[in-house]
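Have a look at the structure below, then the notes.
Rule-based calculations on the coordinates, nothing more; no lab input. Please read all numbers here as calculations on a predicted model, not as lab measurements. Cβ coordinates were reconstructed from backbone atoms using ideal geometry, including for glycine residues, and neighbour counts include every protein chain displayed.
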Amino acid sequence: MIRPRSPRREQLGEFLASRRRAMSRTALGLPLTSRRSDVGLSREEVATLSGVSGTWYTWLEQGRDINVSRQVLTAVSRVLDLTSAEREYVFALAERDDAPAAPEHESVPDHLQRLVDALPFPAFVVATDWAIAGWNAPYAWLYPRIAALAAEDRNLLWLIYTDPQLREMLPDWERDSRLFLAEFRAESGVRLGSPRHRAVVDRLREASADFREQWSELAVERFASRRRVFVHREAGPLAFEHHRVVPSDAADLHVVMYVPAVAEGAHDPVMRTSGGGG
């Protein structure tokens, strides 16, 4: 019997195959052959090292809807030397998706917008597909274009890859964009097959060669608070600590905050809040 495929399992198979092809043979004690360089394992080799059948692992990479235990996935993850973030991504994709998706907010609840407005530093609210659903006046000062954007363009991932002004604000755009994209993949996870997430990815594939190249790398990384520097057109380099919180009563929304900090080559941000949006 031919086992059916599912979008979530196809996503899992694509990810495992990419990591298998990138593995070092010598790191696992496997010999080099005339057919294989040091980089890349066969499906059979991964199956043998993981203690599963070659047919079962082949079905897994093909996206077939087969029974997958956490114990076996742990063994596969060990062989492929996955990071903790990558393991969580794999486990989530392997779960059954029979349960209906949790509803998502169409707009920012009033009490959450009031919280963001009360913050004296740049803050905004993003949905699961990274649509910017709300922001405060300091954020509008930091990124003045936000209020004038069309609703369909008001998406953080879209702006990172298509807005020249935002690219100018990031001193190391190559590093930052890759990290953002890895975080987006990790956070979206099982939602990547949903219509709204597919629309974001498909639109960026069409619009940005940089996105196409980086998306194909299949990088996965958890969000971590970190220091950020933006180059503001009027104020110059500004240093912040980048934090994110998840409201307990709106877990599909994330509040992103840029808390003023001091870094070498940058000065204390001084927010001017007149004319803010949101």
- Of A94, A151, A118, A133, which residue is over 30 Å from E61 (Cα atoms), touching a residue at least 40 places away in the same chain (Cβ under 8 Å) and small (G, A, S)? A133
- Message: Restricting to the stretch 47-75, and then to whatever is β-branched (V, I, T) and in contact with a Lys or Arg (Cβ under 9 Å, 6 or more places away or on another chain), can you tell me which residue is surrounded by the most Cβ atoms within 10 Å (Cβ to Cβ)?
- Response: V68
- Does the stretch 192-202 contain at least one residue that is under 30 Å from E234 (Cα atoms) and in contact (Cβ under 8 Å) with a residue 40 or more places away in the chain? no
- Item | W135 being touching a Lys or Arg at 6+ places or on another chain (Cβ under 7 Å) and not β-branched (V, I, T) | no
- Those residues that are exposed (fewer than 13 other Cβ atoms within 10 Å of the Cβ) and not aliphatic (A, V, I, L, M), I need them from the stretch 204-216; list them, please. E206, E213, S216
- Message: Return the residues of the stretch 38-62 that are out of contact with any Gly (no Cβ under 8 Å at 6 or more places or on another chain) and closer than 17 Å to R78 by Cβ; say none if nothing qualifies.
- Response: L41, E45, V46, L49, S50, G51, V52, W56, Y57
